[in-house]
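*Asks:* Structure provided below as structure tokens; questions to follow.
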Amino acid sequence: MTLNKQNSFLYNVEILIENEHHAIALQQLIEQLNKANFLDYKITSGIELGDVIAARKAKAKTTKPIAVTVESNEYELGLEAFRQCKDHNKLVRLIVNRGLGIKLSIPCRVINIDETDQIVTIYHVDEKQVYTFRLNEIEDFIEV
């Protein structure tokens with residue numbers, strides 16, 4: 001009886017993604033890698049570039065390293081914005097996707113941020129009630 005032994009192959013790849021912020025580009029990359037059904041992958045670093053990788057690397061006088069650990073960076077932009085709104089007691093409008101086609105538009109103030117569980121607690125100014133949402137449910141927010 002002969003067993004078919006599969007070999008493993010490891011590739012180092014540079015991928016250029018253009019987007020308005022590195023956290024969004026990183027999320028896009030992770031989503032595509034997950035769809036590809038690779039056995040495993042590891043994102044080890046990232047740099048802020050531009051158009052064509054080789055051309056921009058050659059032109060770049062300096063590069064700015066960006067962290068790519070998913071847990072801390074995927075939501076870092078959102079967390080910082082929520083921190084600012086909380087600290088300044090700003091009125092914001094959240095666009096929340098509750099799933100199954102249910103979207104909410106909520107005028108509110110941020111009252112708590114649980115970074116560990118990635119949860120934001122808000123006070124709905126119209127309904128005068130407190131709600132809690134996971135960061136991945138929040139599609140957008142606008143300072144009012």
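*Asks:* According to a simple spin-label model (label point 7 Å from Cα along Cα-to-Cβ), what is the distance in nm between Arg134 and Glu80?
*Replies:* Between Glu80 and Arg134, the label points sit 2.5 nm apart.
*Asks:* Could you calculate the FRET efficiency of Lys5 with Asn34 from 1/(1 + (r/R0)^6), where r is the beta carbon distance between them and R0 is 25 Å, rounded to 0.05? Walk me through the numbers before you get to the answer.
*Replies:* On the way: r = 27 Å, r/R0 = 1.07.
Efficiency at R0 = 25 Å is approximately 0.40.
*Asks:* Now for a separate question. Could you give each residue of the range 85-93 its phi-based ³J(HN,Hα) in whole Hz, using Karplus coefficients 6.51, -1.76, 1.60 with θ = phi - 60°, and x for Gly or Pro?
*Replies:* In residue order, the calculated couplings are 5, 5, 4, 9, 6, 7, 7, 10, 10 Hz.
*Asks:* Continuing with the same structure: Check Phe141: other-chain or 5+ apart residues with amide H under 5 Å from its amide H, H built from backbone geometry?
*Replies:* Under 5 Å from the amide H of Phe141 lie the amide H atoms of Ile95, each far enough along the sequence or on another chain.
*Asks:* Continuing with this model, one more query. With all protein chains present and a 1.4 Å probe, how do Val96, Val144 order by accessible area, largest first?
*Replies:* Working: Val96 0, Val144 115 Å².
Solvent-accessible surface, decreasing: Val144, Val96.
*Asks:* Quick one: which of Lys5/Lys42; Lys103/Lys128; Lys42/Lys86; Lys35/Lys61 span more than 29 angstrom between C-alpha atoms? Could the numbers behind the result be given before it?
*Replies:* Working: Lys5/Lys42 24 Å; Lys103/Lys128 19 Å; Lys42/Lys86 34 Å; Lys35/Lys61 35 Å.
Among Lys5/Lys42; Lys103/Lys128; Lys42/Lys86; Lys35/Lys61, the Cα-Cα distance tops 29 Å for Lys42/Lys86; Lys35/Lys61.
*Asks:* Report ³J(HN,Hα) in whole Hz for each residue of the range 138-144, in order, from the Karplus equation J = 6.51 cos²θ - 1.76 cosθ + 1.60 where θ = phi - 60°; Gly and Pro get x.
*Replies:* Coupling constants for the range 138-144: 8, 7, 6, 8, 10, 6, 9 Hz.
*Asks:* Continuing with the same structure: So if we plug the beta-carbon distance of Asp114 and His21 into 1/(1 + (r/R0)^6) with R0 = 22 Å, what FRET efficiency do we get, rounded to 0.05? Don't skip to the answer; put the middle values down first.
*Replies:* On the way: r = 22 Å, r/R0 = 1.02.
Result of the calculation: an efficiency of 0.45.
*Asks:* All other residues with a Cβ under 14 Å from the Cβ of Asn89 taken together, and with Lys, Arg as +1 and Asp, Glu as -1, what is their net charge? Intermediate values should be presented prior to the final figure.
*Replies:* Details: positive: Arg83, Lys86, Lys90, Arg109; negative: Asp87, Glu143.
That works out to +2.
*Asks:* Determine how large the accessible area of Ile102 is when every protein chain is in place; take a 1.4 Å probe and give Å² rounded to the nearest 10.
*Replies:* Its accessible surface works out to 80 Å², give or take rounding.
*Asks:* Give the long-range amide H neighbours of Leu91: residues separated by 5 or more places, or on another chain, with amide H under 5 Å away, using H modelled in the peptide plane at 1.01 Å from N.
*Replies:* For Leu91, the qualifying residues are Val144.
The values are calculated or read from the model by the stated rules, or taken from the named source; none is laboratory data. Remember, it's a predicted structure, so these values are computed and weren't measured experimentally. Here Cβ is always computed from backbone atoms with ideal geometry, including for glycine, and neighbour counts include all displayed protein chains. Side chains are part of the model used for accessible areas, which takes the heavy atoms of the whole protein and leaves out ligands, DNA and RNA. Shrake-Rupley method; radii C 1.70, N 1.55, O 1.52, S 1.80 Å.
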